[in-house]
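Structure record follows, encoded as C-alpha cells.
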Amino acid sequence: MRAKDAADHVYASLRKEILGLDIVPGQLMREQDICERFEASRTPVHVALERLCDTGLLEFVPYKGVRATLLKFSHIYQIILMRTVLETKVLIDFSRKADPFALERCHHSLRNQGILLASDQFEPAAFYALDSQLHQTWFDEVGFPLFWDAIQDSEVYYTRFRMLDIVEMHNFKEIVQEHAALLSLLESQQYDYIERVLTYHLFGGIRRMQHVLQSDLGSYFSDAQNIGSYLDRVLSFERPDCLSE
C-alpha cells in the first residue's frame with residue numbers, strides 16, 4: 001500500500017472509531033501500537049495522526065503518544081442551543097412548504113427507525129445515521145443545507161456527545177416517539193408546539209444522561225465541574241403535553 005493510501009486508511013479508520021466512541025474521550029494510544037495494528041510504517045501513521053489532531057479529535061502527548069480529545073460540555077450546550085434556533089425556523093418553513101413527496105420521505109425514514117429498533121442486527125451507528133437523515137431532510141427541503149453542514153462540522157464535541165447518548169442510554173424508543181410527534185406537528189402545522197417539542201428533543205441527550213454525566217462519564221469532559229449548572233437549565237424544560245408518556 002502506498003504511503004498516502006496507508007495514511008488515508010489509518011485516518012479514516014481512527015476517525016470512525018473516535019466518532020463512534022470505540023475510542024473514548026481521553027483514551028491514550030501509542031504511535032507504535034497503531035503502526036503494528038495497521039501494519040504500516042511510522043511516516044503514514046504520523047501523517048494520519050497529525051490530520052486527526054488538526055481536526056481536533058486527537059492531541060499529541062509528549063513521550064506518550066496521542067490521546068482522543070476530551071469533550072467540552074459548555075460547547076455542546078451552546079451547539080444544541082444554536083441548533084434549536086436554526087432548526088425551529090427550518091421546521092416551520094418545511095411545514096409551510098412541504099409537498100407530499102417530502103413528507104413521505106420523512107415517514108420512510110421514521111419507518112426505517114422502527115424497523116431497525118425491532119431488528120436483531122441493531123447497531124447504534126445505524127440508528128444515528130437514520131436519526132441524522134430525518135433531520136437533514138428538513139434542512140435540504142427548505143434549501144438550507146449549509147445550516148446542516150455547520151451542525152455536522154461540530155463533530156469534535158457534538159457528534160461524539162450524540163453518539164454517547166445512543167451508546168450509553170439505549171433509549172431509542174423515546175427518540176423515535178419524539179420524531180413521530182414532530183412529524184405530526186409539521187403535518188398539522190401546529191407551529192406553536194414545534195419549538196417546545198424540538199427543544200425538548202434536542203436537549204434529550206443531556207436529560208437522559210443526567211445521572212451519569214458527572215459520575216460515570218465525568219472523565220470524558222474537560223469541564224465536568226460545570227455540568228451541574230447546565231443540567232439545572234435543561235431539567236427545567238417541561239415535557240410538552242403533546243408527547244405521549
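The values are calculated or read from the model by the stated rules, or taken from the named source; none is laboratory data. What you see is a predicted model; the values in this text were computed from it and never measured. With ideal geometry, Cβ positions are generated from the backbone for all residues, glycine too; neighbour counts draw on all protein chains shown. Calculation scope for accessible area: heavy atoms of the full protein, side chains included, ligands and nucleic acids excluded. Shrake-Rupley method; radii C 1.70, N 1.55, O 1.52, S 1.80 Å.
Just to be sure, is Y220 aromatic (F, W, Y), open to solvent by less than 60 Å² (accessible area, probe 1.4 Å), within 19 Å of the chain's Cα centre (by Cα) and modelled with pLDDT under 95? Against the criterion (aromatic (F, W, Y), open to solvent by less than 60 Å² (accessible area, probe 1.4 Å), within 19 Å of the chain's Cα centre (by Cα) and modelled with pLDDT under 95), Y220 does not qualify. Selection within the range 60-73: residues that are in contact with a helix residue (DSSP H, G or I) (Cβ under 7 Å, 6 or more places away or on another chain) and over 14 Å from L21 (Cβ atoms). The member of this set that is surrounded by the fewest Cβ atoms within 10 Å (Cβ to Cβ) is F60. Considering the range 180-217, and only residues there that are of a type in the set (S, T, Y) and under 19 Å from the mean Cα position of the chain (by Cα), the residue that is nearest to V85 (Cα to Cα) turns out to be T199.
Condition first: hydroxyl-bearing (S, T, Y), in a helix (DSSP H, G or I) and either under 18 Å from R162 (Cα atoms) or touching a residue at least 40 places away in the same chain (Cβ under 8 Å) (or both). Can you find one or more residues in the range 42-59 that meet it? The answer is yes; a qualifying residue exists.
Across the range 188-217, the number of residues qualifying as surrounded by 13 or more Cβ atoms within 10 Å (Cβ to Cβ) and within 30 Å of F101 (Cβ to Cβ) comes to 13. Here Y157 meets the list (1) of a type in the set (S, T, Y); (2) surrounded by fewer than 17 Cβ atoms within 10 Å (Cβ to Cβ); (3) in contact with a strand residue (DSSP E or B) (Cβ under 8 Å, 6 or more places away or on another chain) almost entirely, failing just condition (2).
Quick grid of which residues meet (1) open to solvent by 40 Å² or more (accessible area, probe 1.4 Å); (2) among the aliphatic types (A, V, I, L, M):
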position	(1), (2)
S13	no, no
A40	no, yes
H46	yes, no
L58	no, yes
H75	yes, no
I80	no, yes
V85	yes, yes
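Considering only residues in the range 218-245 that are assigned to a helix (DSSP H, G or I) and small (G, A, S), the one that is farthest from Y77 (Cα to Cα) turns out to be S219.
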